[in-house]
Structure formats: structure tokens, C-alpha cells
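To start, the structure itself, in C-alpha cells.
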């Protein structure tokens, strides 16, 4: 507490001061600064001889919790959510955690966080997710357990299929943190049981450096205060502790300026260390003469004094909730939730209480309306209350519909149809097997002419289009926009059509082949369209002249809403632009020349010439009219042919890389040796092909707007396709020690100590600063389309910045230095250093630095680097297993062709693939239990065996189980069986289309629930390079819409709906039977996504 005590004592008209951490009845920990004003007391241990001191903050309205004088602006508190509170992060922190507190100048505060003051021995952890400033750190090594507990939530992303940090389980408080009679910091806190960190001491007096964990936020990666040096005594919340107390808020104290005191503290201390001020007559002392922090008053008493005008029923109820959660009751309508010490976790808890009472509210509401009066007015407007009206009614009645499980008949039909689909998809694999058998000299030998014809009809783009589009037309004949029952004939036909398209490889089409595929499906495509995303298998899409659709946009036009399937037509007007990773819901209509920002979700009609963004998308202004100042470039047939040929060549790269591998297999001394050497040869060959292609095509790329039918745009498009395929084919290289070197080799500017997962970027246009963290599936500097042109621009991720899962930094934008862009969020157009952002459109978060043990996060010793490298080398094992299955399949095909003929062998390829898939799943499940066992809520630093083994188990899933079977069985009982084999609790009749459950043991999906395509049940998050795990629960009949993410601690109640592209924040609770949509989620008004046309 040294630096906080010193800051308090430096205040004008203060003769003595001490800080302590206190715990509210709701389990929230509050940093309180007790001050003795001049004239009130002579100093510690003796009574003052001046006027009665002005009182501390008043008690809360309920629960006996303590409060502070919000009206006087003195209740700016660092709130630390306690480990025993519901949904708490339980963040452990260590003595001496972190490098140095950030002062107003950005320099390390002398003596901060336990260590002695002095020269820095390295940079302090960042404000981005590493925890401190640009300034120097304290001198000396961190104390044992100094990993500290960083707080985290939505921003995440792990080194693998990652995500940002979250602390799942509560960690018991550590006691005995007394500094003793010696110098400050004589008695460090004991190390915690996990991760080398220690929980804030609460049992004894603590003059020493015993940091308390920061508030853990559900939506902002680490939206909370840093570790608070020196915890208080026990969490007394009732009764009156011994020692002197303060007086009420109405009692005057000399010339003590409360507002000025708070302002000065905010200049001297990081925001998370600015305490709630309490004025006392004296500071109690021990026999040693030191301040007895245990005896400081808590709850804070009140005294007589003037009262503010009566609050409305809504304001009074909100004030009571603030008191319970923050220990600070707001009695003034201008009181600010965050100034009272609120963080994003406290905001999520407050939102949960509001939803129970009013049936509406989102975390975004609190960030946009942090004032008591403003938030109460929002609630009153939504619920129809007046200032004197009744409280307790709900904004909307819950949906009483009961969602039954998927019918047994439907499940039986799926299991019967799946072998047929595997057989049709297996015909393409038969062509590959025949070619491989010829190379290794197995089987009767097949003419290369027949193999070439087979490739053209089955494996080439024309054959894939014919099979996928023909099957979809047959299966979905007569389907019109509307709502259909889940598991009915229309739904099963749609499921079969999408599975067929995936198995035959139509989802890998690119370039002009997507236009041909769309027209084959029945999509109406006008001239001059740039389509870089998959069309819907229903064919219910219309693209106007010159429209542009960027990569990974979802045009499917359907989604499951409980037990109802919504299908609708989608229209995109002439000259309109749909941004990357946007989702157009059934019935969406984009007007002429309108623009949809990347990552948005459109639920209705967008008028012509407007720009919309967000989830759900709303108007943000007039369309910028991309490149309207430039003439629309001509379309040339030779460039259409060039894109088509390039797409074919890129698809043949795996076959080219496999050729030397097969030759090694043929001439190796034994089969086992041949598989090992051939696998290594194939991986190296493919990596070299990707490397050569990216460097050659990316050389000389310049920022600017280039005609789509031109060399610069063609090269940028080809580079991004190569980068995308490399993420899948070379998955073991990502989220590893080798990733930064691999990205540098591709031409990206990557700093030191960078952690990067499966990033998609244009390397020549991307810069990543030192210590940055790129989570899974991030998109940086992707090209933009519009007006027949393709725009590229430099994108930058600053030093110690954090880009969370599925986060985006558009061309020309940056993730600020020490900044953070959360899960499923986009970097804003302008962002200052150290700022944090969440959502679509991005909302700025109030966030403070976090502390962590650098030896387990940013600066590991050499032995840990070697240990991690050894574990990561084992990632070759699942690759070898997959290669062994492929070789076995080729040999089996050759044997069947020799015995029964080539046609019979081709037909039997489907069953062969099914057997191989079952073997792959069994091996993967066994590897998971052997390597990781049962996942439990808790936390582990990046540089720990637990994290590395988990990544290795995930490699088995991505490299072995998914390509062989799991990727093709979404929505079937086989997917549910697979998830159960990994430890997930999946109820009867669940429809689940995703396998992205990083730690399946922590997931519970109730009977009849629907989990749509592209969803992630994100059970772990990374922040400050500490992995925090927690449960995710979907109640019976609940729905998670397409491309939505539920973060750790999220609970979606029975029958509740979180719509498409939504983000359910950490710790959020969605009431049963309600409907929500947004990033972050908010109440979903209107038709709730059922629009069809």
C-alpha cells in the first residue's frame, strides 16, 4: 500500500492516511482510502482537536453494505470482485506482482507493487493486457507467486484455438500477509496454489506489498484495476469494527476539498488504484506504532446531514444494487457507476439483476449511461414507468414456447442419409487415392487419362459445382421463404444440401468460380459483381449490378431459432458493399450504393446510399461511396480467366506438395519409415510452396485502390487465399514458438515476444509490435471491395497490444499500443494508446493496467522455452496419424480395385472414409484424456505445461478428427456423441453445428437446444498471457445464433435466444424465454429475426 498511502498523505490538508481493501456483502472488494484532515486529528493514534470530520460515504440502501458520498465525488473506488461472490473471477495475485505502477508521466511509481524503488530492470507490463505502463519497472525480481492475477474477459484469444483471459474458479484468500514491525513489505503474501500466484491476503494486517487482484470484466479484456498493493484485514461487512470511525456526509471538515482530492489522486495513481475516500477522525494503531488496518471502520458509518432530493423508485432500486455490488450507495442522480468503482464484471452483475426485475438491459447500456439518473431513465422509458410509477414490472413477457428435442425420426433419417453423402464426397477422394496408388506403385494401375477425367468431373471446380448445385436444386426444390419446423423435411433437405456442398469441396471455391456456382444454385447475379463469399444453397439471393461482397460474409439467409427454421431471401442492390464477416439475416435488403461495415448483422432493410454498422446494424451516416471519385474500371475477360486459373492452381498445391512425399514413401526402407519421412517431406514442401507464393505475389504491393481486374488486386487476392489455406494445412505451425518466425518469413513485420495464433493478413501490409498478442482467427488488413476496385492499406498492431478471438483491424487501421480490441470486435478508426474497445461498433471500455508474473508470461527463463518447444514438437504426432490413415486408405483402395474393379472401389470409398473417421475420433478422444484429463475452471499461465498440453490436444482435433469426420457431421447425433466423448454434457435432441468447444468438459447444453453454424462456446480466455477457464451453459431449448460467441461464465436460460453474430459476455445471464441480439447482446425488439422477405 506504500504508494497509495503516500499519494493520500500528499493531499492538501491531510495529516495522516492509510488505504485498505474491504469486501462488500455481494463479495465485491473495494479499495478505501482513509484520510485524517488537518484540524480533525493530529495523526495516527491520537485524536484530532479540530472540527468534526466530514463523513465518509453513506451506507448502501440494502444489505448493510458500505457506501460513500457519491454526491461529493469522493467515491471513485478500485473495485475488486471477490473470489467468493457469484460469478467471481477469483483472480489471484502475487506479492510484488507486476513491474511498476504507472504514474501520470508513464514512469514506474517507486516502490510500486511490493518491490523497492529504484532503477528499472525492464519495461513494465503493458496496459493492453499485460498490465502496466510504457515506463520502467521496479528494481529487483518479483517475489514468489508474482504472476499476479490479471483480469480478463472478452478480448481473448489463446495461443491456439484461443480466446482472451478469464478466471473461472474462486481462489481461496491467502492470509498472514502482515508486514510486521520492520520496514514496509517485510512480509510477502504466500504463493497461491496454482500458477505461482497468490490471492490478496485478507486475514491479517498488511503493511507489506500484498497486491489484491483487479476487477475481472466480462466484456473487456481485463476491464479492471491492477493488483492493489497491500490488502486489508478481514472482509468485515457487518457490525462496527474497533477503532475510530468517520462521521456522516453532512458534517463539515475544515477546508478539506473532496473533489480536489479525488482529482489529484487520479493524477498520481493509475485509475484502478484511486481509492474511495473516507474521512476519519484518527487512524488506529498497533502497539508497534503502525497503522492497524484491521481496525479501520467498515462498513463506513454515516452521520446526520442534508439529504439529496428523493430518488424515483427506479433510481432508489439501482442505488441499492450499487451499494451491494460496490459498497458505494449512489444517492445522487448524477452519480457515475464507474467513478464509484464499477468494472465490467460488476456491470454484468448489475445487468443480471436489472434483467431479473425489468426484463431488459445490456452491459452497453451501462457504458453509454453510467449515471444513476440516466440509466434509470433508460429503464423507465423501456418499461413505461414514470418517476412515481411502480417498480418490478417487466419490459416484455418471456416466450412461453416450449422447445422440444429434435425428433427421433429426424435423427434416424440423418444417420441413414449420412453414408450416402459420404459416398458422394468419397468419389472425389477416390480420384486422389487412384493417383497416389499409381505414384507409390500399389494396385492394378490406372491410366492417368482416366484420373484426369475423374478430376475434371469430380474434383475440379466444374465437377464440384455440378454436384453441389445439382444436389441442392434437387433437395430444395420448391422451398420458399418462410418458417419451418426443426427436423422437418425442409430442414433436413437444407442440412443435406449444405453437407453435400462441403463434402464435395464447393466451400473451397474462389474467384469467378463463386459466380458460376451462385448462378448454378439459382442466384440472380447481375454484371460486374464481385462475389468473394459463398452463395446460399437455397438460391434465395439477388445481387445487383456492380455489388461487392467481401470474404467470409454470411449470405445463407437462414438460421435455427429454437425449434423453428427461418429461411428468407436476401437482396443486395446495385453498387452496394457488404463488409467482411457480416451476416445478412433472412429477409435482409441492402439498398443501392449502401455500405455494410465489416462484422455487422443486418436484420431488415438498409436504405439506398446509407452506411450501416453494428449488431444489429444501424445507420451511421451516408455511404462513403467507395472510390466514387474514380471511374469504374472496365471488366476484362482475360482477368476473369486469370482468376479462374489461379484458383485451380491454388487448389492443386496440396497435390504438388504430396508428390515428393509419395516418392519418399515408395522408396523408403519400410512402411513406417516411409510414413514418417514422407509426412515431414510433404509438410516442408507445402510450407515452401506457400512461402514462395506469398513472397513472390506480395513483393511490391503498395497501399491504394486498384482495379479488381488488374495485377495488384489479383496479387493481393491470391496472397490472402494462400494465407487462408495455410492456416488449415499448416495448423501445427500456428500458436507456437515457430509462428512469429513463420510470419516474418512470409514478409510480415513482427516484433519480439509476439504470440500469434491463426491470423489472416496480408503480410506485406502488416506490422505487429513487440509483445503483441494475436488470438485465434484474427483478421488484419484484409482487402476491401467496392466500385470495381480493391483497396489495400497498411494495418498495425501496436506494442503489447491485444487482438481477441475473431477480432478485426481493417485496412488502414491499428490496434493501439498497449491497447485492446476484444472478442468479435473491430478496431475503431481512431484509437489512442492504451485504449480498449469491445463490440460492433466498438465501444470504448474503462480499463486499467494488470499485473502478472513476467517469468511465466512475457519473460520466461530458457528452460521453459525449451520445455515448450519439446511439447510443441509433439504436434507432429497427430499429423503422422492423419498421414497413416491416408496411406491405409490408399492401400485399401488399391486392394479393392485389384480385387473388385475400379468402380466398386470408388463406391466403397465412402465406407472407407467413415471407418477412417471413426478411428481418427477414437485416437483424438484418447489423446485429449491422456494429455489434459478433465478440464476444470481455474487459471494457468501461458508458460505452463497445462496450456501446452491443451494446445497439443487441440491439434489432434483440428488435424485428425475434423478433416476425417467431425467437420462433416454438424447437426447430427454423431456430433453430440463426439462432444460427449470429450466430456461435454449434451442433452437429448440437441442440434449442434459446431465443434468449437475448446474445453468440452466445461460446457453444458440442455435438451433440445440449438447451436448454429460458426458458434464458439468459449470456455477459456487469455489475458496477460494467463489462461482462465470457466463454464458455459445453455439451458434446455436455448438458442445460440450463427457466428455467435458465449464467453466463460455465460448462462443462456431455458428457451432463451441469443441471435446471429451476438456476443454473450463473461458472466452474463440471459433470462429464460427472452430474446437477445447484439455485440454485446441487448434486448431484441420487433420480429426477432423471423423476417423472410
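The values are calculated or read from the model by the stated rules, or taken from the named source; none is laboratory data. Since this is a predicted model, take the numbers as computed values, not measurements. Positions of Cβ are backbone-derived with ideal geometry, glycine not excepted, and every protein chain shown enters the neighbour counts.
Some observations on this one:
- Exactly one residue out of 509, 503 is farther than 22 Å from residue 1077 by Cβ, in contact with a helix residue (DSSP H, G or I) (Cβ under 9 Å, 6 or more places away or on another chain) and crowded, with 24+ Cβ neighbours inside 10 Å, and it is 503.
- Any hit, segment 765-772, residues being at positive phi, touching a residue at least 60 places away in the same chain (Cβ under 8 Å) and not assigned by TED's automatic domain parsing to the domain that holds residue 882: yes
- Qualifying positions in segment 606-622 - without any contact (Cβ under 8 Å) to a residue 60 or more places away in the chain and under 29 Å from the mean Cα position of the chain (by Cα): 606, 611, 612, 617, 618, 619, 621
- Filter result for residue 914 (surrounded by 22 or more Cβ atoms within 10 Å (Cβ to Cβ), in a helix (DSSP H, G or I) and either in contact with a strand residue (DSSP E or B) (Cβ under 8 Å, 6 or more places away or on another chain) or touching a residue at least 40 places away in the same chain (Cβ under 8 Å) (or both)): no
- Qualifying positions in segment 698-720 - surrounded by 20 or more Cβ atoms within 10 Å (Cβ to Cβ) and out of contact with any strand residue (DSSP E or B) (no Cβ under 8 Å at 6 or more places or on another chain): 698, 709, 714, 715, 718, 719
- Any hit, segment 888-899, residues being out of contact with any helix residue (DSSP H, G or I) (no Cβ under 8 Å at 6 or more places or on another chain) and farther than 27 Å from residue 664 by Cβ: yes
- Flag set for residue 658, criterion: in contact with a helix residue (DSSP H, G or I) (Cβ under 9 Å, 6 or more places away or on another chain), within 30 Å of residue 889 (Cβ to Cβ) and in contact (Cβ under 8 Å) with a residue 40 or more places away in the chain.
- Looking across segment 753-774, the residues that are within 18 Å of the chain's Cα centre (by Cα), closer than 16 Å to residue 730 by Cα and either crowded, with 24+ Cβ neighbours inside 10 Å or at pLDDT below 95 (or both) come down to 756, 757, 758, 759.
- Of the residues in segment 507-522, at least one is closer than 30 Å to residue 660 by Cβ, part of a helix (DSSP H, G or I), modelled with pLDDT under 95 and under 36 Å from the mean Cα position of the chain (by Cα).
- For segment 472-493, the criterion of being free of Cβ contacts under 8 Å to residues at least 60 places away in the same chain and closer than 25 Å to residue 1044 by Cβ is met by at least one residue.
- Of the criteria (1) more than 30 Å from residue 714 (Cβ to Cβ); (2) surrounded by 24 or more Cβ atoms within 10 Å (Cβ to Cβ); (3) in contact with a strand residue (DSSP E or B) (Cβ under 6 Å, 6 or more places away or on another chain), which one residue 841 fails: (2)
- Condition met for residue 824 (under 21 Å from residue 617 (Cα atoms), touching a residue at least 60 places away in the same chain (Cβ under 8 Å) and not in a loop (DSSP other than H, G, I, E, B)): no
- Set 639, 717: member being over 36 Å from the mean Cα position of the chain (by Cα), assigned to a helix (DSSP H, G or I) and in contact (Cβ under 8 Å) with a residue 40 or more places away in the chain: 639
- Taken over segment 443-485, residues that are in contact with a helix residue (DSSP H, G or I) (Cβ under 8 Å, 6 or more places away or on another chain) and assigned to a loop (DSSP other than H, G, I, E, B) amount to 7.
- The residue that is surrounded by the fewest Cβ atoms within 10 Å (Cβ to Cβ), counting only those in segment 990-1008 that are without any contact (Cβ under 8 Å) to a residue 60 or more places away in the chain and touching a strand residue (DSSP E or B) at 6+ places or on another chain (Cβ under 7 Å), is 1004.
- In the set 997, 1021, only one residue is under 17 Å from the mean Cα position of the chain (by Cα) and in a strand (DSSP E or B); that residue is 1021.
- Residues satisfying the stated conditions in segment 742-779, i.e. more than 17 Å from residue 818 (Cα to Cα) and out of contact with any helix residue (DSSP H, G or I) (no Cβ under 8 Å at 6 or more places or on another chain): 744, 749, 765, 766, 776, 777, 778, 779
- For segment 939-955, the tally of residues that are touching a helix residue (DSSP H, G or I) at 6+ places or on another chain (Cβ under 9 Å) and not in a helix (DSSP H, G or I) stands at 5.
- Given (1) in a helix (DSSP H, G or I); (2) surrounded by fewer than 17 Cβ atoms within 10 Å (Cβ to Cβ); (3) in contact (Cβ under 8 Å) with a residue 12 or more places away in the chain, index of the condition residue 676 fails: (2)
- Residues within segment 533-545 that are assigned to a loop (DSSP other than H, G, I, E, B), in contact with a strand residue (DSSP E or B) (Cβ under 8 Å, 6 or more places away or on another chain) and surrounded by fewer than 23 Cβ atoms within 10 Å (Cβ to Cβ), tallied: 2
- Just one residue in the set 1028, 1066 is at negative phi, in a loop (DSSP other than H, G, I, E, B) and either surrounded by 22 or more Cβ atoms within 10 Å (Cβ to Cβ) or outside the structural domain of residue 958 (by TED's automatic domain parsing) (or both); that residue is 1066.
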